[in-house]
Amino acid sequence: MKPEDMRVFKIRLTDEKHKRLRHMAEAEGVSMNHLIDEWATIALVQHDAEIRFQTRAALGSAERG
């Protein structure tokens, strides 16, 4: 991915949360950016799956089910 395809996302965290996340990323062997990028991917996949489920459920029939 090219840098121009990326965006900066700033969040405010307490020092304690930041420290714990940094330790978590180190334990996983990744950067904090990579760790949070993975979380964002997981959240989006879960959201997409929920939307697909709701869409299919709305099109379905309780009688057929």
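Remarks
- When the charge dipole of the chain is built from unit charges on Cβ atoms (+1 for Lys and Arg, -1 for Asp and Glu) and taken about the Cα centre, the candidate among 13, 25, 61 whose Cα reaches farthest toward its positive end is 13.
- 1.4 Å probe accessible area per residue over the chain, in Å²: 99 Å²
- Helix 32-59 axis, angle to the chain major axis (alpha carbon atoms, nearest 10°): 10 degrees
- Size of the chain: Rg and Dmax of its alpha carbons, in Å, are 18.3, 54.
- To put it simply, the accessible area of the chain at a 1.4 Å probe is 55 percent carbon and sulfur.
The values are calculated or read from the model by the stated rules, or taken from the named source; none is laboratory data. On a predicted model such as this, the values are computed, not experimentally measured, just so you know. Ideal geometry is used to build each Cβ from the backbone, glycine not excepted, and the neighbour counts take in all protein chains shown. Heads up: the accessible areas ignore ligands, DNA and RNA and are worked out on the full protein's heavy atoms, side chains in. Shrake-Rupley method; radii C 1.70, N 1.55, O 1.52, S 1.80 Å.
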